[in-house]
Amino acid sequence: MTEIPDDHPRAQSLRTRHRIEEGVEKGITSQQGLIAQGRGEAYDYLLGEQTIPSADEAERTAAAQLLLADHAVLSVNGNVAALVPGEMVELAEATGADIEVNLFNRTDERMQAIADHLREHGAEDVKGLTADARIPGLEHERAKVDAEGIHDADVVVVPLEDGDRAEALAEMGKTEIVVDLNPMSRSAQTATIPIVDNIMRAIPNVTEHARELQGASDDELTEIVDGFDRETALEEAERAIRQGELD
Ligand code: ATP
């Protein structure tokens, strides 16, 4: 990988691109993943490539919700695996959540490559390969999940998720935490807790909040979750994107 100087004005964005490129080379990320990354980058540029206050609040709420969950599952696709493999493992450890590989374009090779990649980054139990349950309302390949994973979960984290599946999971009654830089996407619009932030910043920040909230009582955690207003979070993000001042 070409060395990117820290003081390069687009250093973070260029590093992100390299990770996605490497993901494609390793057979982890699909070619459509490159396009999804491009869409995300455009929104991040307009956000000023920063975690806006409403996103930080959503990230703290997500941490509280994960700590309250009976069974939380973090869903990992090809872009997530390329961008934040170790960070997803740390979030799972901090919150007691499971990790499940879930692909829009599912192939056995890519499922296996992602599971191996996650294990290389410290994951012990990676779900998604059993695929013995289905999400109702989705076409066969896209519906596959683990009975003891996403199918059973009460809380799911679905970063960079396709809109159809986000909607189908919501229909199942899951509490859905979505990470998506586009506040107008169907995934963000469907989410119980929409996090409009780059996944590279969002996941470590949720983990940090989870560590801070480790000793909090269920009442305190519930108060955080109840105090969150998803409509306001989406509006704030859209306002920042439409009217934000670029440095
Ligand atoms: P919709 O939810 O409207 O149906 P879609 O399924 O067409 O959207 P994709 O093209 O699959 O969406 O793109 C995935 C989403 O992930 C996009 O909304 C994009 O903004 C977002 N995204 C891409 N990269 C990142 C990233 N690094 N961090 C956060 N969000 C990202």
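The values are calculated or read from the model by the stated rules, or taken from the named source; none is laboratory data. Here the structure is a predicted model, which is why all the values come from computation and not from measurement. Please note: Cβ atoms are built from the backbone with ideal geometry, for glycine as well, and neighbour counts cover all protein chains shown. The protein model used for the area step is the full one, side chains on, heavy atoms only, and it has no ligands, DNA or RNA in it. Shrake-Rupley method; radii C 1.70, N 1.55, O 1.52, S 1.80 Å.
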Tell me whether the stretch 108-124 contains one or more residues that are open to solvent by less than 60 Å² (accessible area, probe 1.4 Å), hydrophobic (A, V, I, L, M, F, W, C), within 16 Å of the ligand (Cβ to nearest atom) and without any contact (Cβ under 8 Å) to a residue 60 or more places away in the chain. no
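Yes/no per residue for (1) within 24 Å of Ile35 (Cα to Cα); (2) more than 8 Å from the ligand (Cβ to nearest atom):
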residue: Arg134; (1), (2): no, yes
residue: Asp146; (1), (2): no, yes
residue: Asp162; (1), (2): yes, no
residue: Arg165; (1), (2): yes, yes
Across the stretch 207-232, which residue is nearest to the ligand (Cβ to nearest atom) among those that are within 22 Å of Pro183 (Cβ to Cβ) and in a loop (DSSP other than H, G, I, E, B)? Phe228
Looking at (1) of a type outside the set (Gly, Ala, Ser); (2) open to solvent by less than 50 Å² (accessible area, probe 1.4 Å); (3) assigned to a helix (DSSP H, G or I); (4) within 16 Å of Asn77 (Cβ to Cβ), find the lone condition where Arg39 falls short. (2)
With the requirement that a residue be polar (S, T, N, Q), near the ligand (Cβ under 8 Å from one of its atoms) and over 13 Å from Asp164 (Cα atoms), what does the stretch 178-206 give you? Asn182, Asn198
Going through (1) touching a strand residue (DSSP E or B) at 6+ places or on another chain (Cβ under 9 Å); (2) within 15 Å of Val206 (Cα to Cα); (3) surrounded by fewer than 22 Cβ atoms within 10 Å (Cβ to Cβ); (4) not aromatic (Phe, Trp, Tyr) one by one, Asp70 fails only at (2)
